[in-house]
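Heads up: the structure comes next, in structure tokens.
Readers should treat all values here as calculations from the given coordinates under stated rules, not as data from a laboratory. The structure displayed is predicted, hence computed values, not measured ones. Cβ coordinates were reconstructed from backbone atoms using ideal geometry, including for glycine residues, and neighbour counts include every protein chain displayed.
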Amino acid sequence: MTPRQRRWVFLAATGGFLAFYLWGLVGLPGFGDYPGPYGDIINAIAVAQTHATGVVSAVNFEYRGFDTLGEEFILFIAAIGVATVLRPLHDEHDIRAVDEARDRQTPATSDAIRMVTLAFTGPTLVVGWYLASHAQTSPSGGFQGGVVLATALVLVYLAGQFRTFKRLSPTHLTDSVGAVAAGGFAAVGVAAVGLGGAYLANVLPLGSSPGAVNSSGTIALISFLVGVEVAAAFVLIVGELLEQTLIIREGVR
């Protein structure tokens, strides 16, 4: 096939895809038009049933908690996959990978960048902790909080402190924390069954009033566990990739 023919095939395929996409948009409800009924039902009953004013978290960690458990383990398995692929290479001495940037002169981290990143590390850690532990009271949750918690440690690396990053997140500790948090989510469901409820049923006290920090029972606990697991998974992935980059560059040298 000539380049001209390939170009026409590409244009025809693109036109077909665009027509299919536009056809899919026809008949969609207008912006803000919600046909229901599930969202309306959840809005009507969620706060009274769970004492969680963060209704999205009530949906994630109770009404569809089993689905959320699967989503969490997708990230957990992804982190395990990265570690499984990269970690055996730590003991290899014959590195044949080519680092195309090996001759690039990387400038040292400036004092301005170091100061800004280190200054934001503490506030980022606090915000991540808040998001992971207040899903029951505000539009937050363990997934968002975990990513922000991991970002706090990445800021340490961006400040030019790779050794400090590794000291703050040793591999064996990161592995253990992620596994315990992921297993803790599943264990909450098993405990609910042991107490006579359905799997992941909300069996803990709901607290005195909706919107309080100690409200929502298992929702707050699961959100916190998810935040810890997500943070550990992202830190593990970033750490393994950075470690592998250093191994390749040492091998090339």
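Span-like helix check, the chain: qualifying full DSSP H segments, with Cα axial length of 18 Å or more and mean Kyte-Doolittle of -1.0 or more, are 3-25, 65-86, 111-133, 142-158, 171-194, 218-252. Put in order of Cβ neighbour count within 10 Å, fewest first, the listed residues M115, M1 become M1, M115. Is the chain best put as rounded, prolate or oblate by its Cα gyration tensor, with a ≥ b ≥ c the root eigenvalues, rounded for a/c under 1.5, and otherwise prolate when a/b is larger than b/c, oblate when not? Oblate. Among V59, V85, a tally of other beta-carbon atoms within 10 Å of each Cβ gives an order, fewest to most, of V85, V59. Here the gap between L168 and A198, fully extended at 0.36 nm per residue and compared with their Cα-Cα distance, gives a gain of 6.9 nm. Taken along the Cα-to-beta-carbon direction at a fixed 7 Å, the label points for F20 and A112 span 4.9 nm. Fewest neighbouring Cβ atoms within 10 Å first, the residues T117, T84 line up as T84, T117. Backbone N atoms of the range 198-226 closer than 15 Å to the 7 Å Cα→Cβ label point of Y130 belong to residues 213. Placing a label point 7 Å from the Cα of I74 along the Cα-to-Cβ direction, the residues of the range 131-149 whose backbone N falls under 15 Å from that point are 143-144. Over the chain, DSSP H runs of length four or greater, each weighted -39,500 (n - 2.57), average out per residue to a 222 nm ellipticity of -22500 deg cm²/dmol. The D40 and A13 beta-carbon pair, evaluated with R₀ = 41 Å, returns a calculated FRET efficiency of approximately 0.50. Just checking the listed ones, A191, A52, A179: in the Gaussian network model of the chain with Cα springs under 10 Å, the one fluctuating most is A191.
A protection proxy built from the mean count of other Cβ atoms within 10 Å ranks the segments 42-51, 140-149, most packed first, as 140-149, 42-51.
Result for the chain in a Gaussian network model with C-alpha springs under 10 Å: among P29, P139, P205, the largest mean-square fluctuation is at P29. F234 sits among other residues whose Cβ lies under 13 Å from its own Cβ, and their net charge, with Lys and Arg +1 and Asp and Glu -1, is -3.
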